[in-house]
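In what follows, a single structure is set out as structure tokens and then discussed.
The values are calculated or read from the model by the stated rules, or taken from the named source; none is laboratory data. Owing to the predicted nature of the structure, the values given are computational and were not obtained by experimental measurement. Counting neighbours? That spans all protein chains shown, and the Cβs are built from the backbone with ideal geometry, glycine included. For the accessible areas, the whole protein counts, side chains as well, though only heavy atoms, and no ligand, DNA or RNA atoms are used. Shrake-Rupley method; radii C 1.70, N 1.55, O 1.52, S 1.80 Å.
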Amino acid sequence: MGKPPTISKNKGSKRPKISHKPGPAEKLSKKGKAERTKSTNHGENGRVGEVSPTSSSGCSFEENLDSGPVEHGYSGGDSSVLNLLDVLGSSNPKLAAMYKKRQREQLGLSSSDEEEEDGRSASSSMSDKEYTDEEGSGNESGPSNLDENYAKEIMDDGDEESAEDNPEDYSDGDDIETSSSFDSHLARSLMKEEVDNLKDPKWKYKWEIPENNIPLSKWTGTGEPISKEPGKEMDSSLKEKIHKHWKNINKASASGDTNSSRENLFFSLFNTYRDIMHCNKKPFYVKGGEEDSIIMDAYLLHILNHIYRTRELVIKNDTKLNKLEGGTEEVLGSDAYLDQGFTRPKVLFLLPLRSIALRVVLRLIQLTPLTNKDNVEHLDRFTEEFGAINDEEYNKKDSSSQGRSKPTDFRTLFGGNNNDHFVLGIKFTKRTMKLYSDFYSSDIIVASPLGLVTKIGETEFDKEKDVDYLSSIEIVVIDHADVMAMQNWTHVNTVFDHLNLTPSKQHGTDIMRIRPWYLDGQARFYRQTILLGSYLNPDMNALFNRFCVNYQGKAKLVSEYKGVLPKILLQVQQIYERFNPSSIIDADDARLDYFCKKVFPKIKDSIEGGIMIFISSYFEFVRIRNFLKSQNASFCLLGEYTKQSDISRARVWFFEGKRKIMLYTERAHFYHRYKIRGIQNLIIYSLPERKEFYPEVINMLDASRNMMCNVLFSRFDLLKLERIVGTAAAKRMLSSDKDMFVFS
């Protein structure tokens, strides 16, 4: 709920300046690839373009030096490539030496030129060392030489043994299958036409499969349909070590079910690497919300699988490179060593509260196949900071009779640490899982939107800081998006604006190992986004349509609703009044205009008080407040930013009739669940996002008096309306010639 830091829009969303001008990526046929391999411009073992600092289409470093613009590659000569190489560098000395030797041979440099080049290399090495010393190992910027020791860190954790000595320790008993979804997803090169289509996508949802466990729901998606019966996807796709550990956990549980159809369904969806949106999930804090835990297990297993396969691939390639002789050119003739991004972090969890982060991370620890749980570093610190309740006022309030009367779901959600500001790095090594690791040496970043936006805001005022650790994120999980909608959804959009940008600094990047689509600026087309929540709103829809452009396609859950009107306990006449804005841009003005001209005159002429106006958004709250002030109306406020002393005073004034009107917002109800006394007439200026709030608010009406409820809506409120009155009724109300409807 904290206010966002001041961030310049012009600067905050701007890509870091770097002289990198990638060309379009081309999907190469086997024949074309073979022809490029035999190209006389690159010698017999040629395919320099596959691992040199070029685009994935294969333009070589030498081609840029000699011929400027070429058919498949960077245009404008060599400066962009040279600058990119200078910024990103190569942290593998042997690999860099092999590449430079190859470069000198093809350019025909003399021995004196070689000596001069060696001098420049030595100077560059010294600069790199100085850069490392300056950077330090703080959480903000991180060490600048991570990739050089990457395999040693995640394999040995400081031990003496190597992958060469014990290959079983890093292979987990199974090799990387070329047919795995991990390999096929990340190894694919996109054609220029595909990239152009993804820049301005027109998604067509072509297939549907029923969701048997959620009434009136179905999965629909683009691309090839998934299997209607996923079978045992987890058995075939999970790495053996993870799968074996998963089965042991389930055997130890009460159910003993190691392959439920629900877990397989969600894991199958996530394992396609498509963008997924599921916004009809019953959250864990609601009774009967077991599905939430099943979905969480599925995406955690998918993420562990991704991290372990990434780690295994890097270690195997590092082992092979260490065996190479100085003169070999195997690495220059193969794309098998392209296994990294600009930085190490590959997974981002966006979570709304520390208590929810605690739940996710503790389950991640349980699912991680560690030989000893004591190998989780800083676990005590984590449970203390994320599990403790810091708000003493909440404790006092919750211990009162008023606190005990609040709904169970409220007490469960806010009974833990409800701090919404945090950023945490998690690093996996061979034997340990390190919490609070440096961001640039982490595999996973767990953060709240506000926490990351604060980090982004700091870069505006301190040029030494950056958020380049977001440049190589390959999976984003947004869980409990509905709770974030009650915070500030703008923060989520700001985070996505800063994902997969070209880094502004060198962070130990080995450009010889970077996947081509990173260099081509296509990382966002490979990023998988998993969006999960209990309801869908326009902001979530917009994010899914605008930022989720995965070339694998999309899948989303589409639901119909029965409505919540039966949960209203009082005999209240509910009058729905429809206004008709010309467009979504005019909807807010049309709503205010209708209220001022049609609704307020009735309130103004009424002698009785006890009128509560329920408002969904803070923006609408401010507009109504200003209008009532201009009319010298008798009113009081109960919003999310109202001070506690003012809230208590307002509730007393309203109950005693000293104030005729009360303004009450959905966010205030979400965070406090107040029981307002003295309501005689209820005006729902805008429908609540959370359907359960509708009967809760109506049931607060004073049953001893004549009760009335007026609801304003338009055709742009369909998502809210169908959750409350039901999908069938909502469609009839929007298509009818009448503008007024009554429920009782």
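Compared with the alpha-carbon gap, the fully stretched path from Asp235 to Asp605 is longer by 126.2 nm at 0.36 nm per residue.
Less than 5 angstrom separates the built amide H of Cys636 from those of Ile661, Met662, Leu663, all sequence-distant by 5 or more or on a different chain. Taking amide H as placed 1.01 Å from N in the peptide plane, Asn419 has its amide H under 5 Å from the amide H of Arg354, Ser355, each at least 5 places away in sequence or on another chain.
A cut-off under 14 angstrom between Cβ atoms defines the neighbours of Leu531, and their net charge, with Lys, Arg +1 and Asp, Glu -1, is +2. For the stretch 614-709, report the % of Cα-Cα distances exceeding 24 Å. The answer is 13 percent, as a whole percent. Computed over the Cα atoms of the stretch 567-680, pair by distinct pair, the Kirkwood hydrodynamic radius stands at 15.2 angstrom. Any idea what % of Cα-Cα pairs in the stretch 489-565 are farther than 21 Å? When all Cα pairs of the stretch 489-565 are counted, 44 percent exceed 21 Å. Put Leu721, Leu216, Leu358 in order of accessible area, highest first, and with a 1.4 Å probe you get Leu216, Leu358, Leu721. Peptide packing for 659-670, 374-385 was compared via the average number of neighbouring C-beta atoms within 10 Å per residue; ordered from the highest value, the list is 659-670, 374-385.
Stretching Arg677 away from Leu379 to a fully extended chain increases their span by 102.7 nm, per 0.36 nm per residue minus the current alpha-carbon distance. With R₀ fixed at 41 Å, the C-beta to C-beta distance from Lys323 to Asn545 puts the FRET efficiency at about 0.30.
Extension gain for the segment Ser735 to Ser617, taken as residue separation times 0.36 nm less the Cα-Cα distance, is 39.9 nm to one decimal.
Only one residue of Tyr685, Ser606, Trp653 has its Cα farthest out toward the positive end of the dipole of the stretch 590-744, where Lys and Arg carry +1 and Asp and Glu -1 on Cβ, and that residue is Trp653. In the assembled protein chains, Glu240 presents an accessible area of approximately 80 Å² (probe radius 1.4 Å).
Using a simple spin-label model with pseudo-atoms 7 Å out from Cα toward Cβ, Ser261 and Lys567 lie 2.7 nm apart. When peptides 471-478, 592-599 are sorted by average Cβ neighbour count within 10 Å, with the highest value leading, the order is 471-478, 592-599.
Set the Cα radius of gyration of the stretch 547-617 against 2.2 N^0.38 Å, with N its number of residues, and you get 1.72. Scoring 337-344, 185-192, 499-506 by mean Cβ neighbours within 10 Å over their residues and listing the highest first yields 337-344, 499-506, 185-192. In the stretch 434-517, taking the dipole from charged Cβ atoms about the Cα centre, the farthest positive-side position among Asn493, Met512, Phe461 is held by Met512. Between the amide H of Asn710 and those of Ile575, Leu682, Ile683, Ile684, distances stay under 5 Å, these residues lying 5 or more places away or on another chain, with hydrogens modeled in the peptide plane. Coordinate range of the alpha-carbon atoms in the stretch 412-500 per principal axis, descending: 36, 35, 22 Å.
Basic side chains Lys and Arg get +1 at the Cβ, acidic Asp and Glu get -1 at the Cβ, and with that the dipole of the stretch 638-719 about its Cα centre reaches some 280 debye. Just list whichever of Lys202/Lys455; Lys218/Lys562; Lys316/Lys434; Lys567/Lys602 have alpha carbons separated by over 27 Å in the model shown. Among Lys202/Lys455; Lys218/Lys562; Lys316/Lys434; Lys567/Lys602, the Cα-Cα distance tops 27 Å for Lys202/Lys455; Lys567/Lys602. Of the cross-linked pairs Lys604/Lys658; Lys287/Lys554; Lys320/Lys430, those separated by over 23 Å at the C-alpha level are Lys287/Lys554.
Applying a threshold of 28 Å to the alpha-carbon distances of Lys597/Lys720; Lys427/Lys463; Lys244/Lys346; Lys204/Lys281; Lys427/Lys505; Lys282/Lys427 flags Lys282/Lys427 as lying beyond it. With both labels modelled 7 Å from their Cα along Cα-to-Cβ, the Ala388 to Ser704 distance reads 4.7 nm.
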